[in-house]
1. Can residue 190 be described as under 21 Å from residue 304 (Cβ atoms), surrounded by fewer than 22 Cβ atoms within 10 Å (Cβ to Cβ) and free of Cβ contacts under 8 Å to residues at least 60 places away in the same chain?
2. Could you tell me how many of the residues in the stretch 126-142 are farther than 30 Å from residue 175 by Cα and crowded, with 24+ Cβ neighbours inside 10 Å?
3. Return the residues of the stretch 287-315 that are in a helix (DSSP H, G or I), buried (at least 22 other Cβ atoms within 10 Å of the Cβ) and in contact (Cβ under 8 Å) with a residue 40 or more places away in the chain; say none if nothing qualifies.
4. Going by the structure shown, is residue 388 touching a residue at least 40 places away in the same chain (Cβ under 8 Å) and under 15 Å from the mean Cα position of the chain (by Cα)?
5. Select from the stretch 204-260 the residues that are surrounded by 13 or more Cβ atoms within 10 Å (Cβ to Cβ), over 28 Å from the mean Cα position of the chain (by Cα) and either closer than 21 Å to residue 297 by Cβ or without any contact (Cβ under 8 Å) to a residue 24 or more places away in the chain (or both) and list them in ascending order.
6. It is to be established whether one or more residues within the stretch 97-118 are closer than 18 Å to residue 376 by Cα and modelled with pLDDT of 95 or more.
7. Considering only the stretch 331-341, I want to know if a residue exists there that is under 25 Å from residue 179 (Cα atoms) and in contact with a helix residue (DSSP H, G or I) (Cβ under 6 Å, 6 or more places away or on another chain).
8. In the stretch 291-309, what residues are under 12 Å from the mean Cα position of the chain (by Cα) and over 19 Å from residue 321 (Cβ atoms)?
């Protein structure tokens, strides 16, 4: 069968168009595009303004042991999508920076393994170069030492020790405690914060489940007893440590301290972030005198990061729902603290995805992970899944 010229031209044109379409599809499916290689990478789902943090401590970690280690830690954090680093500056009666306050108190300006260095300054330099923020984390807060009878601080200032009903040093879960209601103890902690804010370009400062805090078994020392009697018609503190009125009286004293701490650091650097990572409420109130809902309601903090450390999604979701029920001031962000690693435990990737999805479902746009070493255990999750959970 012969084909007329006009029909032949139409057929050739159709074949050419089909060929071009097939060629275009082939380029797309084989990775063609701008730049000559690879498809356009997916865009992360997270809120770029939300906090995605990690805590770096000295326990079970060598991240701070050299400038090179700090540089590597910063790069690990950046690759994992972390934008805020919470670096320990104070634990077990030692600082990770040269401290005049500590040197005056116990004759030790810095944790011995860091002598001759300034890890905090190194971290600020490296993190800021990489575009990450740094918060000075006062890990031990009003705890003086771990299983050391109060350690060097109580040895230097015996009247700073927290005392229980029997007059013994307050020890809880191995931690020895200072009396966070004593004005000298409070001023000591404020002086540490002021020292850091004055001398370092940190973006924030943070207390946690030990600041402001004291186990509810404390408060039976001579100073606190006399203060309670003066404010309560001469009555002695209740013998029951968990008496509701006694809990609230001591918690209010810590609330007042937090307001003083905020005023002190904001006077030096108004734009600095003051954050707290307390125990979940109401456990934190009855066990550690921490009333974080009031801190948020009163805007004493710029963000709150309750430690929602759990080992299964049912318990985790129940905990963040509980915290959400006490969260009333949306002007102060709440970012759940997520347990990533503890001892030999690392949270499985699937469980991490469930926790972050639960955060997003409940309106929490960011979180903070405890602690840094876990980032190295599952880098593929942080780079391949974390950014895309909506």
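The values are calculated or read from the model by the stated rules, or taken from the named source; none is laboratory data. These numbers come from a predicted model, not from an experiment. Counting neighbours? That spans all protein chains shown, and the Cβs are built from the backbone with ideal geometry, glycine included.
1. no
2. Of the residues in the stretch 126-142, 1 are farther than 30 Å from residue 175 by Cα and crowded, with 24+ Cβ neighbours inside 10 Å.
3. Within the stretch 287-315, 288, 295 qualify.
4. no
5. Once the filter is applied, which keeps residues that are surrounded by 13 or more Cβ atoms within 10 Å (Cβ to Cβ), over 28 Å from the mean Cα position of the chain (by Cα) and either closer than 21 Å to residue 297 by Cβ or without any contact (Cβ under 8 Å) to a residue 24 or more places away in the chain (or both), the stretch 204-260 yields 225, 228, 229, 232, 237, 238, 243.
6. Taking the stretch 97-118 as the starting set, the residues that turn out to be closer than 18 Å to residue 376 by Cα are none.
Taking every residue of the stretch 97-118 in turn, none turns out to be closer than 18 Å to residue 376 by Cα and modelled with pLDDT of 95 or more.
7. Checked against the condition, which is being under 25 Å from residue 179 (Cα atoms) and in contact with a helix residue (DSSP H, G or I) (Cβ under 6 Å, 6 or more places away or on another chain), the stretch 331-341 yields no hits at all.
8. Of everything in the stretch 291-309, just one residue is under 12 Å from the mean Cα position of the chain (by Cα) and over 19 Å from residue 321 (Cβ atoms), namely 303.
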